[in-house]
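**Q** Submitted below is the structure of interest, expressed as C-alpha cells.
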Amino acid sequence: MSHTLRVIFAGTPEFAAAALAAIHEAGFPVPLVLTQPDRPAGRGMKLQASPVKRYALEHGLAVAQPPSLRRTGKYPAEAAAALDLLRATPHDVMVVAAYGLLLPQEVLDIPSHGCINIHASLLPRWRGAAPIHRAIEAGDAETGITLMQMDAGLDTGPMIVEARTPIAPADTTATLHDRLAQIGAKLIVDALVELERSGTLPATPQSADGATYAEKIGKQEAALDWRRSADVLARQIRAFDPFPGGFATLDGAQLKLWAAEPAADVAVRDTAVPGEILDVSPAGVVVACGEGGERSALRVTQLQKPGGKRLPAREFLAGLPLAAGQRFEPAASR
C-alpha cells in the first residue's frame with residue numbers, strides 16, 4: 001500500500017530504527033532521514049553509523065547528520081545548513097524518536113503538521129533521556145509509549161495517544177526496550193494513517209502533576225550499594241542490563257552482576273554485613289543486603305568476570321569458585 005503523507009524522520013538508536021522501518025514498509029514517502037553523526041564505538045573505537053543511518057542507506061533514503069539544529073552554540077553554520085535542507089525538502093510531518101538533538105521552535109514550525117515524538121513512557125511520567133531504565137529501577141508496574149505533538153519543552157507537548165504494557169518481574173531494559181520499540185512502531189504508523197485520512201490528530205495537553213525526569217544513565221550509578229534492599233538492587237540490575245551493567249568488587253576484581261532476585265527464603269543473621277556472601281550454590285550466590293532492621297538477601301544468578309562472558313551462576317562458579325564469608329567491597333557513598 002502506498003501513501004501520500006510525506007514524513008521526515010529523525011532518530012538514532014535501534015528503538016528509532018524500528019519506527020523508521022515500520023513507516024517506510026507501510027508505504028509512506030520518507031524524503032529525508034536525520035540522525036546523529038557517526039560515533040566511535042567498539043574496541044577499535046572506529047566511527048560507526050547509527051542503526052537509523054544503516055537502515056536508511058540500505059533502503060536508499062537520503063540521510064543528513066547535522067551536529068546541531070540550533071543556530072546558537074557550537075555549530076551555527078551546520079545548523080543553518082540543516083534548517084535550509086529541511087525547508088527545501090517537501091514534507092508534511094516530522095516523526096522524532098530518540099534523536100538525541102534538541103529541536104528548536106524554528107524546526108517545529110517547518111512541517112505543516114508539526115513534529116510527532118515517539119516517547120517510551122506514559123507521560124508525564126519519565127520525561128527525559130532514559131525512561132525505560134528509570135521505570136524498571138523505580139519499580140513501576142507498567143509503562144508504555146506516548147505519541148506527543150512536540151513543543152519547545154522537554155517532552156512537555158500535548159499527548160496524541162498512548163499504549164500501555166506491564167513491566168514483568170523478569171523484564172530488563174533490553175527486553176522492555178524491544179517490546180516498546182515494536183509498540184511504538186505500530187502506534188506511529190496507525191497515527192500517520194489517521195493523519196493522512198482526516199488531516200488532524202487531536203491531542204490532550206499534558207498535566208504537570210506526576211511529572212518525573214528520567215536522567216541519563218551514568219556509569220557510576222552501576223556500582224551496587226549493598227546497604228540497599230534486595231528488591232532495590234534486583235531492580236537496579238535489571239534496569240542496567242544491557243548498559244552499563246551492575247557491578248560489584250570482590251577481592252580487587254570487578255564482577256558484573258547481570259541477573260538477580262530477592263532471596264525471600266533466606267534468613268539473614270543479625271551479624272551479617274552488607275555485601276557478605278551468605279551461601280554459594282549452583283542456583284546462585286546469595287548476598288546480604290540492607291542495614292539495621294531492613295536486612296534482606298539477594299540471589300545473584302548470572303555473573304561475569306573481567307574479560308569473561310555472562311554466565312549462569314553454575315558455570316561461573318566452575319571457573320571462579322566463591323565461598324560463604326567472602327565480602328563484596330562497599331560501594332562509595334553517594
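Only the coordinates and a few stated rules stand behind these numbers; no lab work does. Remember, it's a predicted structure, so these values are computed and weren't measured experimentally. When we count neighbours, we look across all protein chains shown, and the Cβ atoms used for this are built from the backbone with ideal geometry, even at glycine.
**Q** Find the centroid of the Cα atoms in region 186-227 and in region 45-74, then give the distance between the two in whole Å.
**A** 22 Å
**Q** Give me D for the chain in µm² s⁻¹, whole number, from Stokes-Einstein with Rh from the Kirkwood sum over alpha-carbon pairs, 20 °C and 1.002 mPa s.
**A** 98 µm²/s
**Q** Mind giving me the nanometre distance, one decimal, between the label points for Tyr75 and Asp279, set 7 Å out from Cα along Cα→Cβ?
**A** Placing both labels 7 Å beyond Cα along the Cβ direction yields 5.4 nm.
**Q** Between Ala79, Ala56, Ala260, which gets the highest mean-square fluctuation from a Gaussian network model of the chain, Cα cutoff 10 Å?
**A** Ala79
**Q** Please compute the modelled spin-label separation between His59 and Ser198, points set 7 Å along Cα→Cβ, answer in nm with one decimal.
**A** Distance between label points: 2.6 nm.
**Q** What is the extension gain from Thr89 to Gln326, computed as 0.36 nm multiplied by their sequence separation minus the C-alpha to C-alpha distance, in nm to one decimal?
**A** 79.0 nm
**Q** While we're looking at this one, here's another question. Among residues other than Gln326 whose Cβ falls under 12 Å from its Cβ, what is the net charge (Lys/Arg +1, Asp/Glu -1)? Don't skip to the end; give the middle numbers.
**A** Working: positive: Arg327; negative: Asp251, Glu276, Asp279, Glu329.
Result for the neighbourhood of Gln326: -3.
**Q** If you line up the long axis of helix 230-239 against the longest principal axis of the chain, both from Cα atoms, how many degrees apart are they, to the nearest 10?
**A** Long axis of 230-239 versus the principal axis of the chain: about 40 degrees.
**Q** What residue among Pro31, Pro158, Pro131 has the largest mean-square fluctuation in a Gaussian network model of the chain, using Cα springs under 10 Å?
**A** Answer for the Gaussian network model of the chain: Pro31.
**Q** Can you work out the Karplus-derived ³J(HN,Hα) for every residue in region 18-33? Use 6.51 cos²θ - 1.76 cosθ + 1.60 with θ = phi - 60°, whole Hz, and x for glycine or proline.
**A** My calculation for region 18-33 gives 4, 5, 4, 4, 5, 5, 5, 5, 6, x, 7, x, 10, x, 7, 10 Hz in order.
**Q** Got the relative contact order for region 7-214 handy, in percent, Cα pairs under 8 Å and 6 or more residues apart?
**A** Relative CO of region 7-214 lands at 21 percent.
**Q** Enumerate the amide H contacts of Ile167 below 5 Å, restricted to partners 5 or more residues apart or on another chain; note that Pro and chain-start residues carry no placed amide H.
**A** Those qualifying (amide H under 5 Å, at least 5 residues apart or on another chain) are Glu142, Thr143.
**Q** With each run of n ≥ 4 DSSP H residues scored as -39500 (n - 2.57), what mean residue ellipticity at 222 nm is computed for the chain after dividing by its residue count and rounding to the nearest 500 deg cm²/dmol? Before the final figure, lay out the partial values.
**A** On the way: 8 runs with 87 residues, N = 334.
Estimated from H runs of four or more residues: -8000 deg cm²/dmol.
**Q** Here is a further query. What size of dipole, in debye to the nearest 20, comes out for the chain about its Cα centre when the only charges are +1 on Lys and Arg C-beta atoms and -1 on Asp and Glu C-beta atoms?
**A** It works out to roughly 840 debye.
**Q** Also, I was wondering about something else. Report relative contact order for region 191-317 in percent, whole number only (criteria: Cα-Cα under 8 Å, sequence separation at least 6).
**A** Answer for region 191-317 is 21 percent.
**Q** Counting only DSSP beta bridges with both residues in the chain, what percent are antiparallel, rounded to the nearest 5?
**A** For the chain, the DSSP antiparallel bridge percentage is about 70.
**Q** Quick one: if you stick a label point 7 Å off each Cα along the C-beta vector at Thr156 and Gln105, how many nm between them?
**A** Result for the modelled spin labels: 1.2 nm.
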